[in-house]
Each structure stands twice: as structure tokens, then as C-alpha cells.
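Read-outs: derived from the displayed coordinates by stated rules, not from any lab. As the structure is a prediction and not an experimental result, all values here were calculated from the model. Note that we place each Cβ from the backbone using ideal geometry, even for glycine, and neighbour counts take in every protein chain shown.
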Amino acid sequence: MKDWRKATIGPDTQIREAIKVIDKTALQIALVVDAIGKLLGTVTDGDIRRGILKGISLDEPVKRIYYVSPLTASVDDDLETLHRIMKDQSINQLPVVDRDGIVVHLHTLQDILSEKKMKHPVILMAGGLGTRLRPMTDACPKPLLKIGGTPVLETILEGFISSGFENFYISVNYKAEMIESYFGDGSKWGVKIQYIRETKRLGTAGSIRLLPEKPSLPFLVMNGDLLTKVNFKHLLEFHTNNHNLGGACATMCVREYNMQIPYGVVELEGNKLVRLNEKPVQRFFVNGGIYAFQPEVFDLVPEDIYYDMTDLFDSMLEKDMKSVIFQIREYWMDIGHKRDFEIAEGDYGEIFVH
């Protein structure tokens with residue numbers, strides 16, 4: 001990481017000296033500060049070029065050209081927030097200031113991405129037929145259906161990228177060529193995407209066995225028809241901690257599901273009325289379609305047969321391999337049904353657009 005302090009200059013610094021600072025630090029920016037380090041503005045190559053076009057000499061001070069209202073971040077902002085700001089504003093540098101406006105750091109997009117990168121594989125299950133969403137899926141695979149103007153699978157991918165993941169496998173079958181054409185090798189997003197091609201239906205877990213090799217690190221698996229704001233980095237940390245401390249081999253994300261009985265429920269002892277509960281609410285935890293696994297789980301998936309996640313977890317239970325749950329408290333929506341698809345469409349702007 002480059003030393004951002006070498007990129008600070010005073011307002012009376014000559015423009016030609018500012019150019020030297022920008023070139024020497026390779027940060028593509030100079031921070032203009034006062035005597036106590038308070039940020040006054042920023043200078044980039046673009047500011048210098050605009051100044052030259054206005055006839056301003058390189059011997060004049062940078063206060064003639066610097067940008068006086070640069071975007072800044074707070075010392076309380078985390079990496080995910082910084083990444084989102086830089087992505088939304090299409091900027092590569094972001095000064096961090098304290099409550100008095102004094103510069104305490106300069107984040108670059110390159111540093112954030114390198115700090116956040118994780119090599120753990122992510123498998124996205126995108127081979128389903130989308131039968132319940134017909135006729136929408138007659139011409140388009142379900143993962144490419146757009147919610148909020150963006151394909152569902154792209155929103156999923158970007159959620160993982162913002163948490164630092166860069167190594168993806170997409171399991172495809174139905175209209176696979178459309179998905180592969182859209183996402184390519186992942187270079188558009190600065191990540192690596194490979195494809196697991198199912199030649200026949202393999203269920204919700206069977207295609208894991210089609211990975212080119214057994215993972216050497218814990219890996220994540222997610223259904224390609226979910227919209228969620230789960231922090232995948234926190235999920236992996238939770239899984240890793242439970243493996244290191246308790247030997248857990250798998251983590252299943254679950255969410256609470258409430259179901260109200262529309263009648264009064266009667267409790268009996270024999271034929272004696274004990275209690276009457278009027279329209280009680282029953283609470284369950286349901287499978288959220290997102291998982292973290294240790295590498296050894298790969299060996300439990302049989303080759304070339306239909307195999308669901310329920311089969312995989314049943315196998316682990318039979319072998320006394322420990323599994324734990326990670327409760328989803330963030331937004332989560334399975335868009336496999338038309339009604340839920342429509343709800344997600346209404347939610348998208350508030351939940352996913354910043």
C-alpha cells in the first residue's frame with residue numbers, strides 16, 4: 001500500500017510540483033491541505049489539464065486549479081461502504097477525514113479490492129428450468145430475469161464481489177449459452193468466472209462434484225434465484241470460527257418463517273379441554289439456499305447422479321459431521337414464484353440501490 005502522506009501538498013505549491021507529486025506517488029491524486037492537515041481540495045491530472053486550457057501557468061499555485069468540493073469518507077465507514085461509494089461515484093481515490101475535516105487516510109479502489117479479495121470458491125447454482133415463472137422463462141433463463149433493471153444473477157455476483165470474493169463457478173444447464181454469453185469470464189467485473197456444465201439434471205447439490213478439482217479452501221454455494229443483503233464475508237467468518245472451535249463441516253443459512261393458524265387451536269388431555277389458543281403463530285427456521293462447506297464435504301457428493309442439498313445434509317448427519325446454522329436477519333427473497341418476483345421488483349430500489 002502506497003504512503004498517502006507523500007501525496008499531500010499546500011495550497012501555494014506550484015502546479016508543476018503537484019505534477020511531480022502525482023507522478024511520484026502513483027496515486028493519481030494530490031491532497032491539498034492546510035497547516036494542520038485539514039483537507040482543502042484535491043488535484044488530479046484532469047484539474048491540471050483544465051487549468052492549462054485556461055492559460056494558467058505551471059508556475060502558479062495549485063489553489064488556482066484544485067477541486068474545492070471533493071467527495072470524502074468518514075473514519076467510521078467500513079470497507080464495504082467505501083467500495084460502494086467509489087463504485088457508485090466512479091472514482092478511484094477517496095480521502096478519509098475526521099470530524100474536523102483533517103485527512104487521516106486516502107483509500108484507493110485498488111487497495112480496497114486487494115484487501116478485500118478472498119480466494120474461497122463461490123458456486124452459484126443457475127441451471128434451473130424456472131418452471132414456476134413461465135412464460136417469463138420460456139425465452140430467458142431465470143437467473144437472467146431482470147429485477148430493478150439488473151439480472152438476478154448479476155445482483156448476486158455483485159453482492160459477493162463487494163464482500164471480497166473473486167473466484168466463481170456458475171453451474172448451468174437450461175439456456176446455458178445465454179448465461180455464459182452474458183457473464184463471460186468475469187473480466188467485466190474484475191473477477192474469474194468458470195462454468196460447471198450439467199449435461200443432465202443433477203439436483204441442488206450434484207453439480208458440486210463437477211468442479212475441476214476438490215477445493216482446498218472452504219467454499220460457498222448459493223442458489224441463483226435469491227436476492228439478499230447477507231454479508232457473505234461475515235458468513236464465511238462465522239463458518240470458519242465454528243469449524244476451528246467446534247469442528248463444524250457445514251453452515252446452512254436459515255431464515256425465520258412465521259405461519260399463522262387461521263383457527264383456534266385446541267389442546268386436549270384425553271377428551272378434556274386444556275387450552276384454547278386463538279389463531280396462534282408458529283415459527284420455523286427454513287433453508288435459505290446459501291451454504292458454506294469445508295473441502296471434505298466435496299467427497300460426500302456422488303458423481304453423475306441427481307443429488308439435492310437435503311441429501312447432502314442427511315449424509316453429514318448420518319456420519320456425525322457437524323453442521324451449524326447462520327440466521328439471516330438481512331433482506332432475503334426467493335424469486336422462484338411470480339408473487340415473490342413481483343414483491344422483489346418493488347423492494348429492489350429501496351434495498352439494493354444506494
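Past the 17 angstrom mark, what percentage of all C-alpha to C-alpha distances in segment 37-97 do you count? More than 17 Å apart: 49 percent of the Cα pairs in segment 37-97. Computed over segment 4-114, the alpha-carbon pair-distance distribution with 5 angstrom bins reads 2, 13, 24, 23, 19, 12, 5, 2, 0, each value a whole percent.
Based on the alpha carbons, how large is the Rg to Rh ratio for segment 62-165 when Rh follows Kirkwood?
Details: Rg = 19.4 Å, Rh = 16.7 Å.
That ratio equals 1.16.
The HN-Hα couplings worked out from phi for segment 74-90 by the Karplus form 6.51 cos²θ - 1.76 cosθ + 1.60 (θ = phi - 60°) are 8, 5, 8, 6, 8, 4, 4, 5, 4, 4, 5, 4, 5, 5, 5, 9, 6 Hz, whole numbers, x standing for Gly and Pro. Hey, what angle do you get for helix 15-25 against the long axis of the chain, alpha-carbon based, 0 to 90 degrees rounded to 10? On a 0 to 90 degree scale, this one is about 40. Of the peptides 99-110, 140-151, the order by per-residue mean of other Cβ atoms within 10 Å, starting with the highest, comes out as 140-151, 99-110. Amide H contacts under 5 Å for Ala205: Tyr307, Asp308, Met309, restricted to partners 5 or more places along the chain or on a different chain, H placed in the peptide plane at 1.01 Å from N.
In the distance distribution for segment 124-283, Cα-Cα pairs more than 26 Å apart total 43 percent. Residue order for Ser181, Ser162, fewest other beta carbons within 10 angstrom first, comes to Ser181, Ser162. Bridges between two residues of segment 4-114, per DSSP, are antiparallel at a rate of about 75%. Expressed in nm to one decimal, what extension gain is obtained for the pair Phe285 and Lys322 from 0.36 nm per residue of sequence separation less their Cα-Cα distance? Extra length from Phe285 to Lys322 when fully extended: 11.5 nm.
Can you tell which of Val75, Ser57, Ile9 lies farthest toward the positive end of the dipole of the chain, using +1 and -1 charges on the Cβ of basic and acidic side chains (Lys, Arg; Asp, Glu)? Farthest towards the positive end: Ser57.
Placing unit charges on the Cβ atoms of the charged side chains and taking the dipole of segment 131-183 about its Cα centre, the candidate lying farthest along the positive direction among Tyr174, Ile147, Thr131 is Thr131. Where a Cα-Cα gap under 14 Å defines reach, which aspartates and glutamates qualify for Lys38, not counting those fewer than 8 residues away within the same chain? Hits, sequence-local ones excluded: Asp98, Asp100.
Give me the compactness ratio for segment 121-164, meaning the Cα radius of gyration over 2.2 N^0.38 Å.
1.25
For the chain, the C-alpha radius of gyration divided by 2.2 N^0.38 Å, with N the number of residues, is 1.28.
Computed from phi, the 3J(HN,Hα) profile of segment 30-40 under the Karplus parametrisation 6.51, -1.76, 1.60 (θ = phi - 60°) reads 10, 9, 8, 10, 8, 5, 9, x, 6, 6, 9 Hz, with x in place of Gly and Pro. With a simple spin-label model that places each label point 7 Å from the Cα along the Cα-to-Cβ direction, the separation between Ile343 and Ser216 comes to 4.3 nm. Charges were assigned to the Cβ only: +1 to each Lys and Arg, -1 to each Asp and Glu. The resulting dipole of segment 4-114 about its Cα centre is roughly 420 debye. Pairs with C-alpha atoms separated by more than 28 Å, drawn from the list Lys229/Lys338; Lys20/Lys192; Lys175/Lys338; Lys146/Lys229; Lys6/Lys188, are Lys20/Lys192; Lys6/Lys188.
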